Every structure is written in C-alpha cells, then in structure tokens.
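S.K.: The structure under discussion is supplied below as structure tokens; questions concerning it will follow.
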Amino acid sequence: MTPSRRQPGLAYKVYELLSSMRFAIGLLTIIAIASVIGTVLKQNEPYPNYAFEFGQFWFTAFEWLGLYDVYHSGWFLTILAFLVVSTSLCIVRNGPGFLREMKSFREKASDTSLELMKHSTLVAGEVDREAAGRYLTAQGFRLRPGEREDGWVLAGKKGAANKLGYFFAHIALVVICIGGLMDGNLPLKLGELFGTVVPETRDLPQSQIPAHSRLGSGNLSFRGNVTIGESRSADVVFLNSGKGYLVQELPFIVTLKKFHVDYYSNGMPKLFASDIVVTDKATGKETAATVKVNHPLVVDGVAIYQASFGDGGSPLEFKAWNLAAPQAQPVKLEGTSLATQPLRVNGQSYALEFGELRVFNIEEMGGKPQSASRSLAERMHDAREVKQEKNLKNLGPSITFKLRDAQGQATEFQHYMAPFQEEGASYLVAGMRSQVSEPFQYLRLPLDADQSLATFMRLRSALLDPSLYDEIARRTGARARAGNAISAQMQGEFENSVKWILARFAQGGFVALEKFLDERVPKEKRAEVAQTYVKILQGTVPDVMAVANARAGLPPPPSDKATYRFLLDGLVATSALNDYRAPLFLQLEGFQQVQASGLQLTRSPGKTLVYLGSLMLVIGIILMFYIREVRIWIRVRNGETRLALTSNRHNRDLDADFARHAKALQQLVRGA
Amino acid sequence: MELASTTFDPKPPFYRQLRLTDWLYALLVLSAAVFTFYRYGSYLDGYEAGILAGSAIGLIGLGWFWKAWRWYFPLSGLVALAAIGLYQGDLGRAQTAFGLKYLLSSQSSIMWMCTLFFLATLLYWMALLQRSELLGRIAAGLTWSASVAGLAGMFTRWYESYLIGPDIGHIPVSNLYEVFVLFCLITALMYLYYEARFAARQMGAFVLLVVSAAVGFILWYTFDRQAHEIQPLIPALQSWWMKIHVPANFIGYGAFAIAAMLGVAELMVMRGWLASRLPPAEVLDEVMYKAIAVGFLFFTIATILGAMWAADAWGGYWSWDPKETWALIVWLNYAAWLHIRLVKGWRGAPLAWWAVGGLFVTSFAFLGVNMFLSGLHSYGTL
C-alpha cells in the first residue's frame, strides 16, 4: 500500500465506515437484539394493559422508547434504513471491482505470482497450444490467450457467476427493505408526528368519527380489521394505532351474506368461511366470493382475509321465572346477544348485559385415569395408538349474561339451553360467578317428563309456601303412622317437626339447617340429628309435590323411583337457588343465530418487490455458495509448461481437480 | 490428437455418468408419481399436483446426487407399503396384527427409530473410543436402519391419518411431535451424507448426541403427554404451503444442529481432547461450513415460503410475529457467521464457538418461541 497523498476527508471516512463490513455486522447484531425486545414484550396491546402491567413510571418510559410497537418505532426504522444505506454503499464500493474481476482473465499475471499460487506445478516439455485450449474448453473454462516475449500464456476461468451471486444477494436485501418500507406505516407515523392524523380513542359510531382520524381510500398501504354481522355491510376498516384507532375508507362495500363454521368430531374447528359480496363504490360492480382461511379474495389490490368470527348479535327468547314469586307463571322475555337492555323486576332496576351466544359447546367429559396409575402395558398400548378415545360431548347452545344492579354490582351467568342428561334424568344447567377471574359454579335444575321447569317450579313454590305446611305435615304424619314408623302419640310432635324443618329449609335451604345445627346442637350429636332432618325432608317431599299438584288441580305424582329422584333433585336445586344472585331465572327458549365474521383487509403494494427480492436472494445464495469461481493458467516458456490454479474457495474438491488437470497436462505434453 | 482429447476427458457430462441403477431408480420414482397422480389426482389442486411433480424431480435429483438415497428411499417406501397392506383399511389392526403391533404401525416404527438412534449413538462412541472400524460401520448401519424406520413411520402415519377420517388425513408435519421425528430424520440423513463424503465416521459420536436428545424429547412427549395422537388440521394449517415450508425449515434446523456438534468436536480437537481419535480440525471446520451453507440456503427458502404462506393465511407476509422475528434473528446470526468466514477469512475456534451458540439461538426459535412466547405460529405447545 502506498500512503495516499492527501488526508482523506470526513465525508470519505463516513463513506468508508458505512460501507464497511464491521458496520454492517454491527447493524445486524443491533437489529437482532432489538427484535428480541418485541418478541418478549407483547406488541400492540391496548395501552391500559401496559399501564396496568408496568405501573405509570415504566409505562411512560417504555412508551417514550416506542417499545409497544418496536418494529415501527422511529429508532428501529432508522437502524433498518442504515442497513439499506450500508448495503447499498457496500455494493457501490465493491461492485465496480467485482465487475472488473468478472470480466478479466488475468492473462497478464506475472510468472512469480503463478509460481506462488498454492496449486501450481511445472511440467517439463511444451504443451501444444491448440490441444491445451481444447482441453480447457472441454473442462468448461472460458479462455483468453496472451503472448509473452518468451512464450505464451493461456488464461481460463469458470464460475464467474459466483460474483454475480454477491450482486444478487445484496441488491435483494435492498429491494426487500424498500418493499417492506412501502408496506410499513411510515406515512402514517409521519402524519401522527405532524398532527395531520390523530388516532381516535373514544368508542364512537363509525359515522361520527372526525376527519382527522379517517384515511382516504387512496391510502397506498394499510392493514385493518372489521367485524361484520350476517346480512350487514361495511365500507371501512379499523387500524390499530397506539392509544386508539384510525378509520380506513375502502373503495368498495363488503357485505357478509353468511358465515360458515364447521367442526371436526373432536370439537376442533375445521372450516371458517364467509360468503361475501364486494360492491365497487364507483362502478357498482359486484364480486361474490367465499373467503376462507388460507384463501383470501383480492379486489382492487385489496386482499380480504378471514381473520376471526363470533356472535353478530342474535335475537334471543327466554322464559323468565320470577324466583321471588314462585307461584307466578313464567313470562316471555326477548333480547339480543351482545346487547344491553334495562330490566325491572320486583321493583328493582337492573341492566341485563348479554354476552356471546355460543351454539356449540364441545367439552371433554373426563377421560382415562392419568399417568401414575397406569401399567407399563397400558402405556405401551397408548403409545402405539395414534387415535385416542375421548369422551366428548356437545352441551349445546349457551348464553352468558351479566345482571347489574342499581349499585353497579354485576353477577355473570352462563345458561345452557339443551337439557343435560344423566342416568336417564334431565337437568337444566346454569353457571354463576361474581368475579370474571373465578370459574363458574354450576347448579342443575331437574326437568320433568315434558322437559319443562314447570314441575320443579311448582315443587319449589310449595316448599316455600308456609300456608301449605299444615296440610303437608298432616299427610306425611298420616303416612308415617300408616307405615308404623311412628306411634300415634308421636304423630303430633312429628308433624310439628316436619313443619319446623320445612320452614327452616324455606329460609335458606340445607345451609340454614346446618347453621342451626352448628349453633344449637352439641357437636357429638350433630351428625345424627342432621341425618334425621334429611330423612324427614326426603320423607315429606312427595307430600309437598302432591299438595302442590293438588293446588294446581293436577293428579298426585306417581310413587316410582324416577319421581323420587326428581323430588330429591328438586330439594337440592331449591336449596342451591338460595345462592342464585338474580331475581329471575332466565331459561333460554330459542334463538336465531346471527354470526359475525372478522375480516382483515390489507393493501400491500410492496409485496411484489419483496417477493422479487426474495427470489434474488435465493439465487444469490445459491450462486455464492454453490458456484465455485476457478481460474487456471497454462504458461509455456523455455521448454517448460506451468499449470496454476486458484479459486475463491479452497476445499478438497479443488485439490482433486488440480491433480486431475495436472495429470491431463502431462499427457498432453507427452502427446505433443 | 483426436485420440488424446478423448482419453483424458475424465469428467464426462453429468448424464453420461449415470448408470443403469440411476435410471431404474428414476423410473421407479417417476412411475410412483404417475401412479399417485393417476389414482389421487382428482383430490389434488394445481399447487399440490405441482408439489408432486416437484417432489418426483427433486427425489430423482437427490438419488442421482447421493447414490445411497437410491436404495434408502424406495426401501422406506416399501416398508410403509407393507404396513399399509397389513392394515387392510382398519386402524384397529394396529393393536391386533402382530406385524403392525410390534414393527410397522407408525408408532412402532417411530419407537424403533428411537431405539436404533440410541444404540447408534452408543456404538459411535464405542467406535470412537476403541478406534474400531467395525463398530463404526455397525453404528452407521444402525443410523441407516433408524432412518428407514423413521421415514417409513412417517409414511405410515400419513396413511393412518386418512384411516381416522378422510377429512382428518394430512402430511405428518403439522405439530411438534411430528416435526421432532422429522428433525431426527433429516439431521441423521444429512449427517450420513457428510460421513460418507468425508470418510469421517467419528463425527457420528457428536452429531448423534443431538439426535438422541431429540429422541429423548419424543419419548417424553409420547409417554408423558400423549402428543403422538393424530390431530386434525386447524383451518390455518390446511394449506399446501405446509408441505414445503416445514421440511425446508427442518433441513435448515438439522444442518445448524450438525454444524454446532461439529463445532464442539472441533473445539475439543483444538484443546487436544480426543484429538488422535477425531478427524483433523480442518476437516471438521470444512464440514461445519458446508452444513451451515446448506442450512442457510434452506432456512432462507423456508423463511421466504413462510412469509408467502403468511401472506395467504395471516394477511401479511411479515407481521413481526415472534416466530417470524426469531427466524429473522437466526437468519441474521448465520448471515453474520458466513460473512465473517468468507469475507474476513476467520477460521477455527471463534467460528466453532459461534456455531455452537447458533444452536441455542436456533433452538429458541424452534422451541423457545412455542414455550415462552405467544403468537400466530402456535402450532406446538408443551
């Protein structure tokens, strides 16, 4: 190296740094580390979630650093931009030299340098020039002859495409990054920075969202979501943007005709599909298509994807049983899922907030016993089995709702519509919880032969009605006397006990009886007394039912096993309803499912560039790693022939190739 | 002179080097592909037919390039066909037919693969420590057998999935269990190629360690988690992209794993441990470079295919999903490794250490993302 005559300027130093490989490697490292942050910290969550998780101080600090959307933060994009600049400059810096080298044959290489090459050998005798040329051509070398004063040289090369690989791979990176930048939300970020675009944070109807939160349909690149109910339309999508959202206008109207969802027999989803019609706003042209996962529809450069689905607000029909007035007949109540309606019961005001209607509830109903208890043979058997038997059951439609009282206290309920069958008996299952974090607690209400709650409600009304206790106690006492379970003297006392127990039970179910035992009965006697209470309750419940039926003008219940079981279940359910924190029991009677489909709409003009860049990248890598650039020289002078060979990669193949060429040359020399 | 130019033309064009067996193999693969198309063509969409044709060409090319493949692949197919024959269309026979129960049902095959890989590891180490050529040959034979059992098991599993239900059937590369088997297979096969190419059987002791670790995971996953059960495909996975994206990715992972284990071997040689028994550091270095080069190529292709699939399934070719981001990190890592080696000319210990570290980055992208991070690409959980 000769020292340069003038000091390099600052601009040149910067150029040299930016185009250097250590700078590029440094950038790659920083990008890799920065990328990790975005995978550890969940990105693009609603801001309140972050504030809750980190506390106000760190929330603000992280927000300032852009950590909630690392990959679109200014600093990350700056690093990416530097990578593009660095790679471009690398091409500018090394490109011309590489091009020169690709063209050159180095036929002027000095004898010393040929001699110093790692693969170089001298053969006595002169090779025939024509024959050597033919041989090298047959070996795939392109040749350039050179004349020297003391003889001649034949320079050959192959695999120049290796250098081409460098260009392909590095230009590819620049192309991919430019494509990615086109699809990135850089213009949006700039708009937000300069205040021309302001994300909306309020929950407003779409039409009322101000213009500075709306993006025109001419917007080059976007990615937004919209949820459309069946038979509804949308002509905008919503873009998540930091604290709020933006509205992107579409050049067309999307109408959801129908949403389809299919399940496998094990309850896993099989198909999500939306039948949509896209109507162009300008021309009125309609395009009908079915959008499925993995099968988007592309209209006007906007791709429409199936992203999610849910309830779209289904009309519901309930039978409402007033629990405070057990004798009253149920009334019809109508509602719509995902909607809130006011409710006035027994003089109190409530808000009834319906949640999602779920038409299928496929659950695993307990499987095989778990690991420890299984024998080796069973384990081997299972290990061989690619299809495990599972006890799956579809529990049918369910609706969740919250009942919020005037004080704002809410209890959440989950009611199933279909009867739940167990050992021949049918039940209606209802879950309840007061905290979203808790699991639901379920109660089962027994259904009669008509699959109706009416019989149970009649039983309950009689159990809770003190005016009937005399009659009930009389009948139970008479039966006990007839069965010789009690003596005649005992009958009066027994009937009083029945009435007392019924009254206690009506106050608070089994819990009230237990409470009494705990307060009044010595510990050692409690179990015995409790058993007596239960026996008396069980003995009297058929009479409760009979009296209830008689009051309703119905025949007495049959005295069979199934009825008895129903009555016992009725006792349990009546007791459990004491903890049911709603004045009404809403029995889901019917619904009309209206589904909603979540669609994602994107326009990404950079995609073509990214794909083109990707193709170039693969071609570049193949050329760089699998094309070996080899140069060869045959130099004849003074009755001697030198063979020299060099390559940009040294490996065992090269040694073998050189040996082969050397042998061939010797034969050629001899042949001459 | 005419005579001379013909005698020393020791490297004839590629097709002139092909023997009868090469052509027979090609004919076999081609007829299998034609038969498949003739029989099942109506179920394939255009892309799948394209993949079938591409696979046939690729398999022929692979057989011509790597001669051992010419018997390995048909043999595995034959074993799978035997299993299919034994099934007689009834999945229940996996527990009753002797041949299926103990040998050929996919799970039995895979369990045999696991056992044989363990044995091969053991024997590779014995061969290394005792400098025994014979033990080394047996170890290589066991590795080949394990690979046959594994591939046949995968084929049989593919068939079994259709026995469970025509709508459930799919190529077995859809969950963590299946891709772990694929990982073992690809790593072992790539290693067998390098072993023959570089006549360095001692590398097996190291490479098979990582395969054994994966086998250990498979066993735990099977016996403790019952993860071997065939699950139907969720809508996001119902795509022909899966057939090419997943295998390409695992060629990458397998190659990086081999490179890391060779890095360990190279570092040991440099410290003088087992140096007299292992191949010279230069050879290990060269194989390590070759593995990373091929892994990088396939990992690049797989990531691009993944991006294209994401564009169809998730609404964008790049969403900075944790899996995508970690794929980028892995890619950047090996891109930097290759730059340092090729441009700066580094060799030896630093790069060996780096290749070993690379395995941790790769493992995190493969497993860690599934375990610790949530995202769109949640197809295998522990």
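The values are calculated or read from the model by the stated rules, or taken from the named source; none is laboratory data. It should be emphasised that the depicted structure is a prediction, and the values quoted were computed from it without experimental measurement. Here Cβ is always computed from backbone atoms with ideal geometry, including for glycine, and neighbour counts include all displayed protein chains.
S.K.: Go through the stretch A:325-375 and give me each residue that's of a type in the set (A, V, I, L, M), modelled with pLDDT under 90 and exposed (fewer than 14 other Cβ atoms within 10 Å of the Cβ).
M.R.: Passing the criteria: A:Ala325, A:Ala328, A:Met365, A:Ala372.
S.K.: Looking at the stretch B:70-109, which of the residues that are more than 17 Å from B:Met154 (Cα to Cα) and in a helix (DSSP H, G or I) is nearest to the other protein chains (Cβ to nearest Cβ)?
M.R.: Here the answer is B:Gly92.
S.K.: Here's a follow-up. Search the stretch B:334-353 for residues that are assigned to a helix (DSSP H, G or I) and pair each with any residue that is surrounded by fewer than 17 Cβ atoms within 10 Å (Cβ to Cβ) when their beta-carbon atoms are under 6 Å apart and the residues are at least 6 apart or on different chains.
M.R.: These pairs meet every condition: B:Ile340/B:Trp346; B:Ala349/B:Met270.
S.K.: Name every residue in the stretch B:218-253 that is free of Cβ contacts under 8 Å to residues at least 60 places away in the same chain, part of a helix (DSSP H, G or I) and aliphatic (A, V, I, L, M), in order of residue number.
M.R.: The answer is B:Ala248, and nothing else.
S.K.: Which members of the stretch A:249-269 meet the condition of being surrounded by 21 or more Cβ atoms within 10 Å (Cβ to Cβ) and under 25 Å from the mean Cα position of the chain (by Cα)?
M.R.: A:Val254, A:Leu256, A:Phe259
S.K.: Pick from B:Tyr15, B:Tyr43, B:Tyr72: which is exposed (fewer than 12 other Cβ atoms within 10 Å of the Cβ), under 30 Å from B:Gln107 (Cβ atoms) and of a type in the set (Phe, Trp, Tyr)?
M.R.: B:Tyr43
For every residue, the table says whether it meets (1) surrounded by 16 or more Cβ atoms within 10 Å (Cβ to Cβ); (2) out of contact with any Phe, Trp or Tyr (no Cβ under 7 Å at 6 or more places or on another chain).
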| residue | (1), (2) |
| --- | --- |
| A:Ile501 | yes, no |
| A:Glu514 | no, yes |
| A:Glu519 | no, yes |
| A:Val534 | no, yes |
| A:Val547 | yes, yes |
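S.K.: Kindly indicate whether any position in the stretch A:428-438 is among the polar types (S, T, N, Q) and surrounded by 13 or more Cβ atoms within 10 Å (Cβ to Cβ).
M.R.: There is no residue in the stretch A:428-438 that is among the polar types (S, T, N, Q) and surrounded by 13 or more Cβ atoms within 10 Å (Cβ to Cβ).
S.K.: Among the residues of the stretch A:626-647, is any at the interface with chain B (Cβ under 9 Å from one of its Cβ atoms), of a type outside the set (D, E, K, R) and over 30 Å from A:Val291 (Cβ atoms)?
M.R.: Yes: the stretch A:626-647 contains one or more residues that are at the interface with chain B (Cβ under 9 Å from one of its Cβ atoms), of a type outside the set (D, E, K, R) and over 30 Å from A:Val291 (Cβ atoms).
S.K.: Out of the stretch A:415-466, which residues are in contact (Cβ under 8 Å) with a residue 40 or more places away in the chain, under 21 Å from A:Gln538 (Cα atoms) and part of a loop (DSSP other than H, G, I, E, B)?
M.R.: Scanning the stretch A:415-466 gives A:Gly424, A:Asp448, A:Leu453, A:Leu464, A:Asp465.
S.K.: For residues in the stretch A:45-88 being outside any helix (DSSP H, G or I) and crowded, with 16+ Cβ neighbours inside 10 Å, which is farthest from the other protein chains (Cβ to nearest Cβ)?
M.R.: Keep residues of the stretch A:45-88 that are outside any helix (DSSP H, G or I), which gives A:45-46, A:66, A:73.
Still in the running and crowded, with 16+ Cβ neighbours inside 10 Å: A:66, A:73.
Values: A:Gly66: 13, A:Ser73: 11 Å.
Of everything passing the filter in the stretch A:45-88, A:Gly66 is farthest from the other protein chains (Cβ to nearest Cβ).
S.K.: A follow-up question, please. Among the residues of the stretch B:153-204, write down those that are among the acidic types (Asp, Glu) and not in a loop (DSSP other than H, G, I, E, B).
M.R.: Passing the criteria: B:Glu160, B:Glu178, B:Glu195.
S.K.: Would you pick out the residues in the stretch B:285-321 that are in a helix (DSSP H, G or I) and not hydrophobic (A, V, I, L, M, F, W, C)?
M.R.: B:Asp285, B:Glu286, B:Tyr289, B:Lys290, B:Gly295, B:Thr300, B:Thr303, B:Gly306, B:Asp312
S.K.: Further question: For the stretch A:98-196, which fully contained strands (runs of 3 or more DSSP E) count at least 2 residues that are surrounded by 18 or more Cβ atoms within 10 Å (Cβ to Cβ)?
M.R.: Filter on the stretch A:98-196 gives A:119-124, A:151-158.
S.K.: Consider A:Ala582 against the criteria (1) touching a residue at least 40 places away in the same chain (Cβ under 8 Å); (2) among the small types (Gly, Ala, Ser); (3) touching a helix residue (DSSP H, G or I) at 6+ places or on another chain (Cβ under 7 Å); (4) part of a loop (DSSP other than H, G, I, E, B): it satisfies all of them except one. Which criterion is unmet?
M.R.: Here A:Ala582 meets the rest and fails (3).
S.K.: Condition (residue is charged (D, E, K, R), within 30 Å of B:Leu332 (Cα to Cα) and exposed (fewer than 12 other Cβ atoms within 10 Å of the Cβ)) applied to the stretch A:18-29: is it met by at least one residue?
M.R.: Checking the stretch A:18-29: at least one residue is charged (D, E, K, R), within 30 Å of B:Leu332 (Cα to Cα) and exposed (fewer than 12 other Cβ atoms within 10 Å of the Cβ).
S.K.: From A:Val291, A:Val278, A:Val302, which residue is within 14 Å of chain B (Cβ to nearest Cβ) and more than 20 Å from the chain's Cα centre (by Cα)?
M.R.: Of A:Val291, A:Val278, A:Val302, the one residue that is within 14 Å of chain B (Cβ to nearest Cβ) and more than 20 Å from the chain's Cα centre (by Cα) is A:Val302.
S.K.: Only one of B:Ser319, B:Ser374 is more than 7 Å from chain A (Cβ to nearest Cβ), among the hydroxyl-bearing types (Ser, Thr, Tyr) and surrounded by fewer than 17 Cβ atoms within 10 Å (Cβ to Cβ). Can you tell me which?
M.R.: Working: B:Ser319 fails: surrounded by fewer than 17 Cβ atoms within 10 Å (Cβ to Cβ).
B:Ser374 is the lone residue from the list that is more than 7 Å from chain A (Cβ to nearest Cβ), among the hydroxyl-bearing types (Ser, Thr, Tyr) and surrounded by fewer than 17 Cβ atoms within 10 Å (Cβ to Cβ).
S.K.: Please find, within the stretch A:648-664, the residue that is surrounded by the most Cβ atoms within 10 Å (Cβ to Cβ) out of those that are at the interface with chain B (Cβ under 9 Å from one of its Cβ atoms) and at pLDDT 85 or above.
M.R.: Out of the qualifying residues, it is A:Ala664.
S.K.: Looking at B:Ala265, B:Ala275, which one is more than 14 Å from chain A (Cβ to nearest Cβ), among the aliphatic types (A, V, I, L, M) and in a loop (DSSP other than H, G, I, E, B)?
M.R.: Working: B:Ala265 fails: in a loop (DSSP other than H, G, I, E, B).
Matching residue, one of B:Ala265, B:Ala275: B:Ala275.
S.K.: Restricting attention to the stretch B:145-171, which residues are β-branched (Val, Ile, Thr), within 12 Å of chain A (Cβ to nearest Cβ) and buried (at least 19 other Cβ atoms within 10 Å of the Cβ)?
M.R.: B:Thr156, B:Ile168
S.K.: Do we find a residue being within 21 Å of the chain's Cα centre (by Cα), more than 30 Å from B:Leu123 (Cα to Cα) and of a type outside the set (A, V, I, L, M) anywhere in the stretch B:205-228? Spell out the reasoning first.
M.R.: From the stretch B:205-228, those within 21 Å of the chain's Cα centre (by Cα) are B:205-222, B:227-228; that's our starting set.
Right, trim to more than 30 Å from B:Leu123 (Cα to Cα) and you get none.
Scanning the stretch B:205-228 turns up no residue that is within 21 Å of the chain's Cα centre (by Cα), more than 30 Å from B:Leu123 (Cα to Cα) and of a type outside the set (A, V, I, L, M).
S.K.: Quick one: count up the residues across the stretch B:343-364 that are surrounded by 16 or more Cβ atoms within 10 Å (Cβ to Cβ) and facing chain A (nearest Cβ under 10 Å).
M.R.: Counting residues in the stretch B:343-364 that are surrounded by 16 or more Cβ atoms within 10 Å (Cβ to Cβ) and facing chain A (nearest Cβ under 10 Å) gives 2.
S.K.: Name every residue in the stretch A:544-570 that is part of a helix (DSSP H, G or I) and free of Cβ contacts under 8 Å to residues at least 40 places away in the same chain, in order of residue number.
M.R.: Listed by number, the residues that qualify are A:Ala550, A:Lys561, A:Thr563, A:Tyr564, A:Leu568.
S.K.: Separate question: With more than 51 Å from the chain's Cα centre (by Cα) and under 22 Å from A:Glu101 (Cα atoms) as the only criterion, which of A:Ala664, A:Ala659, A:Ala644 stands out?
M.R.: Details: A:Ala664 fails: under 22 Å from A:Glu101 (Cα atoms); A:Ala659 fails: under 22 Å from A:Glu101 (Cα atoms).
Just one listed residue meets the conditions, A:Ala644.
S.K.: Still on this structure: Go through the stretch A:597-619 and give me each residue that's outside any helix (DSSP H, G or I), at the interface with chain B (Cβ under 9 Å from one of its Cβ atoms) and of a type in the set (S, T, N, Q).
M.R.: Scanning the stretch A:597-619 gives A:Gln600, A:Thr602, A:Ser604.
S.K.: Quick one: which strands (runs of 3 or more DSSP E) sit completely within the stretch A:296-400 and have at least 2 residues that are in contact with a Ser or Thr (Cβ under 9 Å, 6 or more places away or on another chain) and within 30 Å of A:Glu286 (Cβ to Cβ)?
M.R.: On the way: elements: A:297-299, A:302-311, A:315-322, A:331-336, A:340-345, A:348-358, A:362-364, A:392-394.
Qualifying strands (runs of 3 or more DSSP E): A:297-299, A:302-311.
S.K.: Here's another thing I want to ask about it. For the stretch B:183-235, which residues satisfy the criterion of being more than 12 Å from chain A (Cβ to nearest Cβ) and farther than 26 Å from B:Asp285 by Cα?
M.R.: Residues satisfying the conditions are B:Val215, B:Gly216, B:Phe217.
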